[in-house]
Amino acid sequence: MEESLRALATWSGAIAGLLLIVAGGLIPAFLALPGPEGWSLRPLGITLQVPALLLTALVAGPRSALLAAVAYLSVGLFQLPVFQQGGGIGYLVDPGFGYLAGFLPAAWITGRLARQRGMDDPLALTAAAGVGLLVLQLCGLINLLLGALAGRWGPSFVPLLLGYGLAILPQMLLCCAAGVLAWLLRRVLLVPS
């Protein structure tokens with residue numbers, strides 16, 4: 001009985017995570033800032049896709065997050081337009097694919113960290129999300145470097161590196177939000193710490 005409940009929790013977490021990642025990829029991230037005419041929303045130039053993955057890992061655990069990431073990549077590579085510029089097998093040679101492939105280790109590592117003892121406060125969960133984001137960025141950077149060594153990017157390597165690399169700054173802000181939201185959800189859903 002306990003085994004079937006664990007499987008149910010894993011699969012339901014994976015399905016919820018997949019839906020969250022797909023929805024997060026459709027929603028641009030904004031930051032509310034005070035201005036001369038009151039508060040205004042400033043676009044961050046990214047979507048909520050990565051924070052959705054990290055939130056799934058923090059709340060549902062490593063297995064559910066990994067299954068959600070595999071499902072998301074599978075859906076995107078088989079022509080459903082869930083990636084930033086659509087979908088399809090051609091994404092395997094896209095400069096940004098390393099970041100998408102980084103979803104897999106980032107989901108697993110973040111989920112494993114979230115299941116450790118002492119992960120019952122927002123700061124610890126935010127740190128786990130930050131580690132996951134760094135793993136994702138490292139995978140993307142490795143893909144960019146290997147592509148540059150193979151001559152796939154040509155002279156556009158430096159702009160690619162800057163464009164993808166600087167995306168970590170607003171993503172770090174969203175890791176804080178994911179950590180706090182995960183802490184609240186874990187308390188509501190009675191996730192063991």
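Annotations for the structure displayed:
- Of all residues making up the range 12-38, the number that are more than 13 Å from the chain's Cα centre (by Cα) and either of a type in the set (Val, Ile, Thr) or closer than 16 Å to Val191 by Cβ (or both): 6
- Among the residues of the range 118-177, the ones that are part of a helix (DSSP H, G or I) and surrounded by 13 or more Cβ atoms within 10 Å (Cβ to Cβ) come to 40 in all.
- Among the candidates Gly98, Gly111, residue that is assigned to a helix (DSSP H, G or I) and more than 18 Å from Leu184 (Cβ to Cβ): Gly98
- Flag if Gly86 is of a type outside the set (A, V, I, L, M, F, W, C) and farther than 21 Å from Leu20 by Cβ: no
- Residue list for the range 47-64, restricted to those being among the polar types (S, T, N, Q), open to solvent by 20 Å² or more (accessible area, probe 1.4 Å) and over 11 Å from the mean Cα position of the chain (by Cα): none
- Any pair with Cβ under 6 angstrom, 6 or more apart, that starts in the range 76-90 at a residue that is farther than 14 Å from Gln49 by Cβ and ends at one that is part of a loop (DSSP other than H, G, I, E, B) and modelled with pLDDT of 80 or more: Gln79/Gly87; Gln79/Gly88; Leu80/Gly87
- Selection of the range 178-187 for residues being within 20 Å of the chain's Cα centre (by Cα) and open to solvent by 50 Å² or more (accessible area, probe 1.4 Å) yields Val180, Leu181, Trp183, Leu184, Leu185.
- Subset tally (residues that are within 19 Å of Ile168 (Cβ to Cβ) and among the small types (Gly, Ala, Ser)) for the range 48-83: 3
- Filtering the range 65-72 for residues that are surrounded by fewer than 18 Cβ atoms within 10 Å (Cβ to Cβ), of a type in the set (Gly, Ala, Ser) and outside any loop (DSSP other than H, G, I, E, B) leaves a non-empty set.
- Checking Leu161 against (1) farther than 20 Å from Ile21 by Cα; (2) without any contact (Cβ under 8 Å) to a residue 12 or more places away in the chain, the condition it does not meet: (2)
- Residue in the range 140-152 that is without any contact (Cβ under 8 Å) to a residue 40 or more places away in the chain and touching a helix residue (DSSP H, G or I) at 6+ places or on another chain (Cβ under 7 Å) present: yes
- When each of Leu44, Leu31, Leu18, Leu5 is tested for being open to solvent by 70 Å² or more (accessible area, probe 1.4 Å) and either among the aliphatic types (A, V, I, L, M) or not in a strand (DSSP E or B) (or both), the lone residue that passes is Leu5.
The values are calculated or read from the model by the stated rules, or taken from the named source; none is laboratory data. What you see is a predicted model, and the numbers here were worked out from it, not measured in a lab. Cβ coordinates were reconstructed from backbone atoms using ideal geometry, including for glycine residues, and neighbour counts include every protein chain displayed. To get the accessible areas, we keep the full protein, side chains included, count just its heavy atoms, and leave off ligands, DNA and RNA. Shrake-Rupley method; radii C 1.70, N 1.55, O 1.52, S 1.80 Å.
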